[in-house]
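Values quoted throughout were computed directly from the atomic coordinates according to the rules given, and no laboratory measurement underlies them. Note that the structure is predicted; figures quoted are calculated from it, not measured. Cβ atoms come from the backbone with ideal geometry, glycine included; neighbour counts cover every protein chain shown.
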Amino acid sequence: MTLNRLTVRISEDPPARLDKALSRDVPVEASLSRTRLARLISDGHVTCDGQVLSDPKAKVAEGDVIEITLPAAAEVETLPQDIPLDIAYEDGELIVVNKPAGMVVHPAPGSPSGTLVNALLAHCGDTLSGIGGEKRPGIVHRIDKETSGLLVVAKSDRAHHALAAQFEAHTARRSYLALCHGVPDANDPRLRGIRGTSFEAGGLLKITTMLGRHKTDRQKQAVSFDHGRHAVTRARVLETFGTPPALALLECRLETGRTHQIRVHMSHAGHALVGDPVYGGRRRASAKALGAGVAEMVDAFPRQALHAATLGFVHPVSGEDLTFDAPLPQDMKTLLEALPQNG
């Protein structure tokens, strides 16, 4: 059984390869990426004058009429699981979820079940129209297992492509709340001397580096200035705690969205996040500044104190500008309420 058949006429001056020509001439609303088109070609779903074209490199000419058969979305092996979800928004194209700390986004060898994808497969059911030919949710971006907060997930190919383009162009808006050791201060000569750090108007800390895999620990990311992917984080101090100030609540905004970006950048700046088991080193809270009991509470916080609090993007179909906010989860809220105000 097939969903439909798509007819494409190759326009003038086509690229030399079939997959590139189709990628150019297929209607935008079909939401077929070049990768998907290449797979359809290889699987025998593309014909010209009744002849199957199974080579993505096949030559085409202006005026050729290409028929593309779109198979029904295939069922995926990942099992649906009835796991409660905190849903901020949902329609036929996408869903915005407030993910709890401790939940992995996508199944992996170490986490085959209990993930956000398992939960979405159960919740969305037949409303998933297929991503890349498979009946699955389209994961546009991720947040770490132990980071809480907002994610947008596509239900359709067209939503997936449009949202991915916004994240690629860095037009999607994301801000995080983070509790860090120390207080980033524009007057701190140590911080100003760290490569890649600078300050913008209003004391806004800007960290600009490249990020890539750590040379010896492949599970970690590391700052670099000669390889990896460009990464920019901005952090603004919202509140400070302790006398003298020993901790700060930050609003972190991502210009780019790399793996572990905020955690790595704040550690690079000497202001690692509270509770970060990977990038926090052995830094401990100051009992003198916070009080012994509160300092012990800070050191015992079981995860990185990081929450994806705000998410904004343009709806891929309606064009509406959407913004969502997720309140602090109870564990971070409890910790912040226990901290003594600066002064």
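For THR127 and THR7 in one chain, what is 0.36 nm times their gap in residues minus the Cα-Cα distance, to one decimal in nm?
Working: separation 120, 0.36 × 120 = 43.20 nm, distance 2.57 nm.
Going from the current span to full extension adds 40.6 nm.
Go ahead and estimate [θ] at 222 nm for the chain from helices alone: -39,500 (n - 2.57) per DSSP H run with n ≥ 4, summed, over the residue count, rounded to 500.
On the way: 9 runs with 71 residues, N = 343.
That comes out to -5500 deg cm²/dmol.
Counting only Cα atoms, I'd like the Rg/Rh figure for region 177-274, Kirkwood definition for Rh.
Details: Rg = 13.1 Å, Rh = 13.6 Å.
The Rg/Rh ratio comes out at 0.96.
Please arrange VAL104, VAL153 by counting, for each residue, the other beta carbons lying within 10 Å of its beta carbon, fewest first. Please list the in-between numbers first.
Details: VAL104 20, VAL153 25.
Ordered by Cβ neighbours within 10 Å, fewest first: VAL104, VAL153.
Are any of the pairs LYS20/LYS57; LYS99/LYS333; LYS99/LYS145; LYS145/LYS220; LYS206/LYS333 more than 20 Å apart by Cα-Cα distance, and if so, which?
Details: LYS20/LYS57 8 Å; LYS99/LYS333 16 Å; LYS99/LYS145 9 Å; LYS145/LYS220 14 Å; LYS206/LYS333 26 Å.
Over 20 Å Cα-Cα: LYS206/LYS333.
For the chain, go through all pairs of different Cα atoms, get the mean of 1/r, take its inverse, and jot down that Kirkwood value in Å. Provide the component values of the computation, followed by the final result.
Numbers: mean 1/r = 0.0444 Å⁻¹.
About 22.5 Å for the chain.
If R₀ is 51 angstrom, what is the calculated FRET efficiency for the pair ALA61 and GLU251, using the beta carbon separation as r and rounding to 0.05?
Numbers: r = 56 Å, r/R0 = 1.09.
With a Förster radius of 51 Å, E is 0.35.
Among all the aspartates and glutamates, which ones have a C-alpha under 16 Å from LYS215's C-alpha, if same-chain residues fewer than 8 places away are not counted?
Straight-distance partners of LYS215: ASP226.
Report for the chain the percent antiparallel among DSSP-assigned beta bridges with both residues inside it, nearest 5. Write out the running numbers ahead of the final one.
Numbers: 68 of 73 bridges.
So the antiparallel bridges in the chain amount to around 95 percent.
Given contacts defined as C-alpha pairs under 8 Å and at least six residues apart, what's the relative contact order of the chain, whole-number percent? Present the calculation step by step, with values, prior to reporting the outcome.
Details: 718 pairs, mean separation 47.2, N = 343.
Reported as a whole number, the value is 14 percent.
Rank-order 237-247, 198-208 by packing density, defined as the average count of other C-beta atoms within 10 Å over each peptide's residues, highest first.
On the way: 237-247: 18.9, 198-208: 14.6.
So the order, starting with the most tightly packed, is 237-247, 198-208.
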